[in-house]
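The values are calculated or read from the model by the stated rules, or taken from the named source; none is laboratory data. The structure displayed is predicted, hence computed values, not measured ones. Ideal geometry is used to build each Cβ from the backbone, glycine not excepted, and the neighbour counts take in all protein chains shown.
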């Protein structure tokens, strides 16, 4: 129980607090899988973890900009978050408890990139020119779209940066193809990095699956806490239905919550 993976919190910190209150021993580190939706700085919200001496690492999800630049700043702004800024995992490989863990936040957005289609835009610096031709959009709307896409889309430049590195585990918000609505580009990224496991949020479902070549995947439902081995340490929001897995993937174990 060295690391706990926490699914999309969506401001449901009470589930995290209740779960931690019943744990003994406590994990050394927590990894938040995005969609935290910070109405206050993450340092304040994550106090149930931080005040217990648990290191907090995190990626962002597609809803972490729902409240606009202020919500985004509450997650990523170092001046607001001196305790959790160093825990940002997006586009990085960090050794946590002796395990090399890579992070990729956000989701695929058609305006940027939706594999298997090729990318429309590769780098964030290209986005203003790409959006300049939008008709019927005023400057404020374009500015808001630039911020949203720059913040929470999966960008080819970040994907390619990670693909050249090595990791044991890839942590994503978007799902790999183990989930029926996932994207095989994340399977490919994990394999390119030498990762044996992908842990994801986004779909609010708890499951473990394995591909024919041995690549494993684990989904963690909203505000649930799970160990590296799939043990569910506390419940959160009622999990959604996984559905039928695609060819090439099979369930490794049935989720306890189902």
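Which of the following residues is in contact with a helix residue (DSSP H, G or I) (Cβ under 9 Å, 6 or more places away or on another chain) and in a strand (DSSP E or B): 149, 189, 170, 162?
170
In the range 55-68, how many residues are surrounded by fewer than 18 Cβ atoms within 10 Å (Cβ to Cβ) and either touching a helix residue (DSSP H, G or I) at 6+ places or on another chain (Cβ under 6 Å) or farther than 23 Å from residue 143 by Cα (or both)?
The total comes to 0.
Please work out if residue 242 is within 24 Å of residue 97 (Cα to Cα) and in contact (Cβ under 8 Å) with a residue 60 or more places away in the chain.
Criteria not met by residue 242.
Output the number of residues of the range 192-214 satisfying the condition of being farther than 13 Å from residue 101 by Cα and part of a strand (DSSP E or B).
Final tally of qualifying residues: 5.
Could you tell me which residue of the range 76-106 is surrounded by the fewest Cβ atoms within 10 Å (Cβ to Cβ), considering only residues that are assigned to a helix (DSSP H, G or I) and touching a strand residue (DSSP E or B) at 6+ places or on another chain (Cβ under 8 Å)?
76
Does residue 177 satisfy the criteria of being over 14 Å from the mean Cα position of the chain (by Cα) and outside any loop (DSSP other than H, G, I, E, B)?
no
Testing residue 194 on (1) more than 15 Å from residue 246 (Cβ to Cβ); (2) free of Cβ contacts under 8 Å to residues at least 60 places away in the same chain; (3) surrounded by 14 or more Cβ atoms within 10 Å (Cβ to Cβ), one condition comes back false. Which one is that?
(3)
Given the range 1-62, what helices (runs of 4 or more DSSP H) lie entirely inside it while holding 3 or more residues that are under 15 Å from the mean Cα position of the chain (by Cα) and touching a residue at least 12 places away in the same chain (Cβ under 8 Å)?
Correct list: empty, since no element meets the threshold.
Would you tally the residues in the range 21-54 being at negative phi and surrounded by fewer than 21 Cβ atoms within 10 Å (Cβ to Cβ)?
19
Taking the options 217, 223, 238, 247, name whichever one is within 17 Å of the chain's Cα centre (by Cα) and in a loop (DSSP other than H, G, I, E, B).
Going through 217, 223, 238, 247 in turn, the sole match is 223.
Does residue 120 meet the test of being at negative phi, at pLDDT 95 or above and part of a loop (DSSP other than H, G, I, E, B)?
Yes; evaluated as a whole, the condition is true for this residue.
With the requirement that a residue be at pLDDT 95 or above and under 16 Å from residue 205 (Cβ atoms), what does the range 218-231 give you?
218, 219, 220, 221, 222, 223, 224, 225, 226
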